[in-house]
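Participant: Have a look at this one before I ask anything.
Laboratory data are not the source of any read-out in this text; all were calculated from the coordinates shown. Remember, predicted model here, so these are calculated numbers, not experimental data. Backbone-built Cβ (ideal geometry, glycine too); neighbour counts: all protein chains shown.
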Amino acid sequence: MALVTTKEMFAKALDSDYAIGAFNVNNMEIIQGIVDAAKDEKSPLILQVSAGARKYAKPVYLLKLVEAAIEDTGLDICLHLDHGEDFDICKKCVDDGFTSVMIDGSKHPFEENIRITKEVVEYAHDHGVVVEAELGKLAGVEDAVKVEARNATFTDPEEAAEFVARTGVDSLAVAIGTSHGAYKFKGTPYLDFERLKQIHALIPETPLVLHGASSVLKEFVDRCNQYGAKIPGAQGVPEEMILEAVKHGVCKVNIDTDLRLAMTAEVRRYIVEHPEDFDPRKYLGVGREAIKGMVAHKIRNVLNSSGRM
Ligand code: G3H
Ligand code: 13P
Ligand code: ZN
């Protein structure tokens, strides 16, 4: 049981038809729900921390909670920085003991993205830490229905190959039509699988990462709305599309929104159905169970990573 990098996990996943779930963590209940599901399912696991999570919980709390989770469950877990925006935050996380960091230079021009990614790769590799980078923009499909728009925002396969060769990055997040949050598609969901296949064919040894991979399951949106939420017209990536992406080099699947929806639905339901109750352990407890249920579902039915530990 230890904090581990993604090296071994990805090497195994790359040759198979499964991927590792990278779940965003912000507090104790979320962490406990995720690790309990991964333990039951004997699944490899990545816990990821965003800048927003660090600000909310304070870095030291999240680090100690993840250490506690490892001690409690006996799991090997990768602790990953999600969307590090510059060298400084990546360095901080490497120095804190993270085993993986993402440098997200996707908003910068190609050459600048290469420059900052290389800087992070050099520092992280010197410290035994792996690096994920991103190329292309997760703009959302409404911006990309037209082929020209897709070519402007989605990852260019040739550029991806050049980027990986010049930066030495360990894994690459690609833009093929997913986006963050609960409103991913206005019309029919669309992912550019041809592009994904081309990227994978050019860099077959590079594990690919799918951000914005939540499916925004109707059942959970409906339950949130039934108990007072206002989340109209939410739509995510259909689960069959994730299963398909996993067959073409995608080794890491990022999931945050589906955890938020699952937890919110159950906390809302509990509070409405138990107006007499004001013990946070009650509603946070059901929230934790909801996280566990969602993660178990992902591992079994979407990531296919059950029993791969
Ligand atoms: O990629 C975004 C993740 O869902 C993290 O979201 O920045 O609100 O923590 P956050
Ligand atoms: P979702 O918003 O689809 O869950 O994506 C999360 C993500 O990509 C975190 O980096
Ligand atoms: Zn992301």
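Participant: Gaussian network model of the chain, Cα springs within a sub-10 Å range: biggest mean-square fluctuation belongs to which of Phe98, Phe110, Phe154?
Facilitator: Phe110
Participant: What percent does the relative contact order of segment 34-142 come to when contacts are Cα pairs within less than 8 Å and at least six residues apart?
Facilitator: 21
Participant: Now for a different question. Quick check: convex hull of the Cα atoms in segment 102-142, volume per residue, rounded to a whole Å³?
Facilitator: Dividing the Cα hull volume of segment 102-142 by its residues yields 51 Å³.
Participant: For a test of the definition: using alpha carbon positions, the gyration tensor, and the 1.5 limit on a/c, classify segment 1-115 as rounded, prolate or oblate.
Facilitator: It comes out oblate by the Cα gyration axes.
Participant: Same structure again: Stokes-Einstein D for the chain at 4 °C, 1.567 mPa s, Kirkwood Rh over Cα pairs, in µm²/s?
Facilitator: Estimated diffusion coefficient is 66 µm²/s.
Participant: Mind checking which of Thr167, Val237, Val221 is farthest towards the positive end of segment 159-263's charge dipole, using Cβ charges of +1 (Lys, Arg) and -1 (Asp, Glu) about the Cα centre?
Facilitator: Val221
Participant: Here's something else I'd like to know. Return the subset of Lys107/Lys298; Lys118/Lys184; Lys218/Lys292; Lys137/Lys184; Lys184/Lys298 for which the Cα-Cα distance in this structure is over 25 Å, preserving the input order.
Facilitator: Correct reply: Lys107/Lys298; Lys118/Lys184.
Participant: Report the percentage of all Cα-Cα pairs in segment 167-304 whose separation exceeds 23 Å, rounded to a whole percent.
Facilitator: 41
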